[in-house]
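Accompanying notes for the structure given below.
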Amino acid sequence: MDDKPNPGTVSGSSELLFSFGVIADIQYANLEDGYNYQGNRRRYYRHSLLHLQGAIEHWNKESSPPCCVLQLGDIIDGYNAQYKASEKSLELVMNVFQMLKVPVHHTWGNHEFYNFSRDYLTNSKLNTKFLEDQIEHHPETVPTGSYYAYHFVPFPKFRFILLDSYDLSVLGVDQSSPKYQLCLKMLKEHNPNMELNSPQGLSEPQYVQFNGGFSQEQLNWLNEVLTFSDTNQEKVVIVSHLPIYPKASDTVCLAWNYRDALAVIWSHECVVCFFAGHTHDGGYSEDPFGVHHINVEGVIETAPDSQAFGTVYVYPDKMMLKGRGRVTDRIMNYRKEKPFPFLV
């Protein structure tokens, strides 16, 4: 593991307010090593559990423990479904997470839906909505749809928002339901390929079956929460399995309607950063509105002699991601002024 200087001790005159952990794409399965769908990147299915254990041991030993950990989705691999091992593998990973001394917030990715239906996930330990915070006298900030999203306050004047990037999706949904038919129609309108997981020839290559999107209902809810945060002068961190900013991701791995999500975020001044997983490669870009987009490198493609997790240290003027192993260090300064409108 890399032994990098701890930003919690080298931040200059800024006072450390709190910290939180991030980890993405664990994708555990009780299988020998394999490769991605293109056959060019190794996947360490069994060893991902050891990486998770190492991350938890690190967070538990930190002198100032993180307030929470954000698990960015794809906690077990889709192969588990093929071998009828989904529940057993999930139980194994969740038992490891029980060693963590602070709360963990789970987002849902495509591999959750390869293994389980949305109804199953809603009633499982991967539903951490019970950790949400309510905003008094603002009922519009309470999520009311079938989407899995919520917000919480880890520290005064900081709000974290978990989004459901498979709110629009053909994965994990009953194929006889109107929502499935609507999402399949939307997908096929943008992707005429016989193989809906193939982006070949697409002008909008994110429209593949392993991605999803945000309903208008969820985006309206997000807009209400961000409006409150603007008024309350809060700093906001948004979390999603799917990234939404092309310069921080490859173009295939974006949310279907990433532009709609960006339009909502860019109409507010409170958002500091957007954390996502999904790509496994990692990525970073600061958009024209000063929002930092961070794709966290995936555990599943991390060699046994490395690591893939990070701790984000929060200061009055910035956030600093201290990466471990192949997760890159980042400094995310808070924006000072709003720029002119800019389109992706």
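The values are calculated or read from the model by the stated rules, or taken from the named source; none is laboratory data. Please read all numbers here as calculations on a predicted model, not as lab measurements. Methodologically, a virtual Cβ is constructed for each residue, glycine included, from the backbone with ideal geometry; neighbour enumeration extends over all protein chains shown. To get the accessible areas, we keep the full protein, side chains included, count just its heavy atoms, and leave off ligands, DNA and RNA. Shrake-Rupley method; radii C 1.70, N 1.55, O 1.52, S 1.80 Å.
Just list whichever of Lys101/Lys235; Lys61/Lys101; Lys101/Lys125; Lys247/Lys336; Lys129/Lys179 have alpha carbons separated by over 20 Å in the model shown. List each step's numbers first, then the result.
Values: Lys101/Lys235 25 Å; Lys61/Lys101 10 Å; Lys101/Lys125 16 Å; Lys247/Lys336 22 Å; Lys129/Lys179 22 Å.
Violating the 20 Å limit, Cα to Cα: Lys101/Lys235; Lys247/Lys336; Lys129/Lys179.
Run through all the Cα pairs of the chain and give the fraction in each 20 Å bin from 0, expressed as whole percent.
32, 61, 7
Would you mind calculating the gained length between Val96 and Thr227 on full extension (0.36 nm times residue separation, minus the Cα-Cα distance), in nm to one decimal? Each step should come with its number before you reach the end.
On the way: separation 131, 0.36 × 131 = 47.16 nm, distance 3.75 nm.
Fully extending the segment from Val96 to Thr227 adds 43.4 nm.
Which length gain, in nm to one decimal place, applies between Lys157 and Lys84 when the Cα-Cα distance is subtracted from 0.36 nm times their residue separation? Mind dumping the intermediate values first?
Numbers: separation 73, 0.36 × 73 = 26.28 nm, distance 4.46 nm.
Taking 0.36 nm per residue and subtracting the Cα distance, the gain is 21.8 nm.
Search the structure for amide H atoms under 5 Å from the amide H of Phe18, placed 1.01 Å from N in the peptide plane, and list their residues when 5 or more places away or on another chain.
Residues meeting the amide H criterion: Val314.
Whole angstrom only: what separates the Cα centroid of region 227-243 from the Cα centroid of region 28-98?
27 Å
Using +1 on the beta carbon of Lys and Arg, -1 on that of Asp and Glu, and nothing else charged, what's the dipole of the chain about the Cα centre, debye to 20?
Numbers: 28 positive and 40 negative charges, 69 e Å.
Here the chain has a charge dipole of around 340 debye.
Once R0 is set to 35 Å, what does the formula 1/(1 + (r/R0)^6) return for the Cβ-Cβ distance between Lys61 and Asn36, expressed as a FRET efficiency to the nearest 0.05?
On the way: r = 33 Å, r/R0 = 0.93.
After rounding, the FRET efficiency stands at 0.60.
Could you sort the peptides 105-115, 197-207 by per-residue average Cβ neighbour count (10 Å cutoff), highest mean leading? Show your work: numbers first, answer last.
On the way: 105-115: 25.1, 197-207: 15.3.
Averaged packing, sorted descending, gives the order 105-115, 197-207.
Would you mind computing, in nm to one decimal, how far apart the modelled labels at Leu202 and Ala263 are, each placed 7 Å from Cα along Cα→Cβ?
Each label point is offset 7 Å from its Cα along the Cβ direction, giving 2.0 nm.
Got a sec to turn the phi values of region 97-103 into Karplus ³J(HN,Hα) couplings, 6.51 cos²θ - 1.76 cosθ + 1.60 with θ = phi - 60°, whole Hz, x for Gly and Pro?
So the Karplus estimates, Gly and Pro as x, are 4, 5, 6, 5, 8, 10, x Hz.
For region 18-333, with every protein chain kept in place, what is the accessible area per residue (1.4 Å probe, Å²)? Could the numbers behind the result be given before it?
Details: 12470 Å² over 316 residues.
Heavy-atom accessible area per residue stands at 39 Å².
Report the calculated FRET efficiency for Asp329 and Lys247 (r = Cβ-Cβ distance, R0 = 22 Å), to the nearest 0.05. Could you put the intermediate results ahead of the total?
On the way: r = 19 Å, r/R0 = 0.86.
Result of the calculation: an efficiency of 0.70.
Can you give me the long-range amide H partners of Asn257? Hydrogens built in the peptide plane at 1.01 Å from N, cutoff under 5 Å, separation of 5 or more residues or another chain.
Those qualifying (amide H under 5 Å, at least 5 residues apart or on another chain) are Phe214.
For the charge dipole of the chain, defined by +1 on Lys and Arg C-beta atoms and -1 on Asp and Glu C-beta atoms about the Cα centroid, which residue among Val237, Val314, Val264 has the Cα displaced farthest towards the positive pole?
Val314
Set the Förster distance to 35 Å, then compute FRET efficiency between Lys125 and Ser14 from the Cβ-Cβ distance, nearest 0.05. Please list the in-between numbers first.
Numbers: r = 36 Å, r/R0 = 1.04.
That pair, Lys125 with Ser14, gives E of 0.45.
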